[in-house]
Amino acid sequence: MIIEQLKIYFEYPFVRYALIVGVLVALSASLLGVTLVLKRFSFIGDGLSHVAFGVMAIASVLKLTNSILLMLPVTIICAVLLLSLGSGTKIQGDAAIAMISVGTLATGYLIMNRFAKNSNLAGDVCTTLFGSTKILTLSQIEVYISIGFSILVIAVFLVFYNKVFAITFDEDFAVATGVNVKVYNLIISIVIALVIVLAMNLVGTLLISALVVFPVVSAMRLFKSFKAVTVCAVIFSIISTILGILISIIAGTPVGSTIVAMDVLGFFVFCLLGFFIRKA
Amino acid sequence: MFQLSCENLVLGYEGRVVINNLSFRVTAGDYLCIVGENGSGKTTLMKTILGLKTAMSGHIELGPDITTKDFGYLPQQISAQQDFPATVKEVVLSGCLNHSGLRPFYTKADRQLAETSMVKLSISGIASHRFAELSGGQQQRALLARALCATQKILLLDEPVSGLDMKTTADTYDIVAELNKEGTTIIMISHDINMAVQYASHILYVIGPEAVYFGSTKDFLSSNVAANLSPGGKGF
Ligand SMILES: Nc1ncnc2c1ncn2[C@@H]1O[C@H](COP(=O)(O)OP(=O)(O)OP(=O)(O)O)[C@@H](O)[C@H]1O
Ligand SMILES: [Mg+2]
C-alpha cells in the first residue's frame, strides 16, 4: 500500500529532485560537521544561515531573480571572518557567532517587514526559517547547482581528508611543523559557506545546525576512530534524510522538521546502542 | 652550520615582558636543554621559535637548509577535546603530513615510519585505542611518536617526560639520546637539571626575565649559576 503510493510519487520529477538534492546536501553537511563539532564550532551553521537569510531578505526586496549570487559571496566572507575570529581575538568564537547570527536575522526580518510587498509575510518568514516546502519546488537549474556544489564539497573533503584531521586534532602542531594551515582553513571556511547556502533550501535556516551536529554526535557514541566516525556520520545522515523526505511526502509534514526529527530519533537509537555495547 | 639563531629576542604577552633580550644559536647535532622555574617563559620561547607566537621584538633566523617543515614538536599541553574520536595510529600518522604536500593520501613509507615510531615508543600494542582514553603518560608517548614522524632534523620537546613513570622516563631519555646520536638536533625543555647536564651539549637556563644563561654544558658546570644551583652549592 505505502510502497505503491511511493511508486506513484516517484513518477513526479520534483520528488526525485528532492531526494537527490536532499541526500547530497545532508551528506556534505555531515562531512563538515565532523570538523565543526570537534573544533567546537557547532553553531557556525546557525550563524551563517542567518547571514544568508539576511542577504536573502535584501535580495528579495531588490527583486533579484537569483538571490544565490549575492548570498554565496557574503556568506563566504562571513565564514572566513568567523573561523579566523575564533582564534586569536578578544571576542570568543561562540560570542562572535551569536552576535553575527542574531544581528543579521533581526536585520533581515526588519527589511522584509518594512519593504516587502508580500501580504503573506509571516508565512514567507516561516518558510525560510523552517524550509517547509522549498525543497519540493526546486527548479531544474537549482537542482544542477546543488548537485554541482555538493560534489565539489565532497571532493574537497576527500582530497583534504588528512589535512582536515590534523588541523582539527591539533592545529598548533600542524602550524609548527610547517603545514600551510591558513590556506586549508580558508578552503574549509569557503566550503562551509557553500554547504550552508545549499542546506537552506533543504531544512531552512533554523534547522541547519541539526544536519551539522546530529550525525557526528551520534556516530561518536559508537566509534573510536576519526575515519569510522566520518563514514558513520555520512551514512547516518543519508538514511535519516531519505526517511525524513519520504515520510514528509506521505504524511504531508514539513520536510525540514521531519528530517530533523529523524536525526533526533537516530541519535537516541545510537545512544542506546552505545550503552549496550559498552555494557557487553 | 647553524640551524637556528635567535637575536635580542623579547618575549611576552600584551606588553608584559617574560624574557628580555635573549640571544643564542643552535648548530646541527646540538642537544640543547632549556631549564628554569615554572612560569619563567620556557614554553613561550619554544612557541615563538615555532611561529605559534610572535616575538615582541628581535628576530629568529633559520639556517640555510632549514624550513619549518624540518621541525618536530611535542607540546606541553594539547587542546583537543576530551571525547575526540581519533586512534593512536591516526594521531601518530598525522605527524607525516608536513612532507606529504598536496598528496591526498599517506604513502607506504609514511605508514612504515609511523609504525617504527610506535614500536620505538612501545605503543604499537595500543595503536587502535582511542587517544583520548589513554593515560597521560601513554598520550605523551603517542605525541612523541607523532613528532618523530614529522622530522629527522630538529625536535622541539616541551617536557617530554612529565607524567611518565621512572622506567619510561629513562627509556625516553635513551630514545632522545639515540636520535641525537643519529644526527637529530634536540631542543628540550626539562625540570630535571641532573639529566640535562648528563645528556645535553648546551644549556639554556632562564633565571629571570633579565638573566638567561646560555652556554655549553661544560661551561655551565664550571659557572657560578651551576654552583648556586646544586645541592650545597658545591657544583655537580
Ligand atoms: N596565553 C597567555 N597569555 C598571557 N600570559 C601568559 C600566557 N601563557 C603564559 N603566560 C605567562 O607567561 C609566563 C611564562 O609562561 P610559560 O608557559 O612560557 O612558562 P614555562 O616556563 O613554560 O612554565 P612551566 O614550567 O610551568 O611549563 C607566565 O608568567 C605565564 O603566566
Ligand atoms: Mg611550559
* To do: Shielding by partners for A:212-225, please: the mean number of other protein chain Cβ atoms within 10 Å of each residue's Cβ.
  => 2
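In region B:147-236, how many lysine pairs have Cα atoms under 25 Å apart, counting only pairs 8 or more places apart or on different chains?
Values: B:Lys153/B:Lys181; B:Lys153/B:Lys218; B:Lys167/B:Lys181; B:Lys181/B:Lys218; B:Lys218/B:Lys234.
Qualifying lysine pairs in region B:147-236: 5.
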* Top of B:Gly183, B:Gly125, B:Gly12 by mean-square fluctuation, Gaussian network on chain B, Cα under 10 Å -> B:Gly125
* To do: Can you give me the span-like helices of chain B, meaning DSSP H runs with 20 Å or more of Cα extent along the axis and Kyte-Doolittle mean at or above 0.0?
  => B:136-150
* Rank B:Thr217, B:Gly137, A:Ala251 by how far each Cα sits towards the positive end of the charge dipole of the protein assembly as shown (+1 on Lys, Arg Cβ; -1 on Asp, Glu Cβ) and give me just the farthest. => A:Ala251
* Under 19 Å from the Cα of B:Lys42 - aspartates and glutamates, other chains or at least 8 residues apart -> A:Asp172, B:Glu7, B:Glu14, B:Asp30, B:Glu61, B:Asp158, B:Glu159, B:Asp192, B:Glu210
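Nearest-5 percent of antiparallel DSSP beta bridges in the protein assembly as shown? Before the final figure, lay out the partial values.
Working: 20 of 38 bridges.
Taking every DSSP beta bridge within the protein assembly as shown, about 55 percent pair in antiparallel fashion.
Where does chain A land at 222 nm, in deg cm²/dmol rounded to the nearest 500, when only DSSP H runs of n ≥ 4 count, each adding -39500 (n - 2.57), divided by all residues?
Working: 13 runs with 229 residues, N = 280.
That calculation yields -27500 deg cm²/dmol at 222 nm.
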* Structure fact -> So for R0 = 41 Å, FRET eff. of A:Ala251-A:Ser139 from the Cβ-Cβ r, to 0.05, ends up at 0.95
* Under the definition of partner shielding as Cβ atoms of other protein chains within 10 Å of a residue Cβ, what is the mean value for peptide B:81-94? -> 6
* Which listed pairs, of B:Lys47/B:Lys120; A:Lys39/A:Lys279; A:Lys182/B:Lys47; A:Lys227/B:Lys53; B:Lys47/B:Lys108, have C-alpha distances above 20 Å, in listed order -> B:Lys47/B:Lys120; A:Lys39/A:Lys279; A:Lys227/B:Lys53; B:Lys47/B:Lys108
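Once you have the Cα-Cα distance between A:Arg40 and A:Phe115, take 0.36 nm times their residue separation minus that, and quote the gain in nm to one decimal.
Details: separation 75, 0.36 × 75 = 27.00 nm, distance 3.71 nm.
Here the answer is 23.3 nm.
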* Asked: Can you list residues whose amide H is under 5 Å from B:Gly29's amide H, if they're 5+ apart or on another chain and H is modeled 1.01 Å from N?
  -> B:Thr185
* Structure fact -> Most fluctuating of B:Gln112, B:Gln198, B:Gln76 in the GNM of chain B (C-alpha, under 10 Å) is B:Gln198
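Averaging sequence separations of C-alpha pairs under 8 Å and six or more residues apart, then dividing by the length of region A:159-280, give the relative contact order as a whole percent. Let's see the in-between values first.
Values: 90 pairs, mean separation 27.7, N = 122.
Reported relative contact order: 23 percent.
None of the figures in this text is laboratory data; all of them are computed from the coordinates on show. Worth saying up front: this structure is predicted, and the values here are computed from it rather than measured. Because the Cβ atoms are built from the backbone with ideal geometry, glycine has one as well, and the counts that use them run over all protein chains shown.
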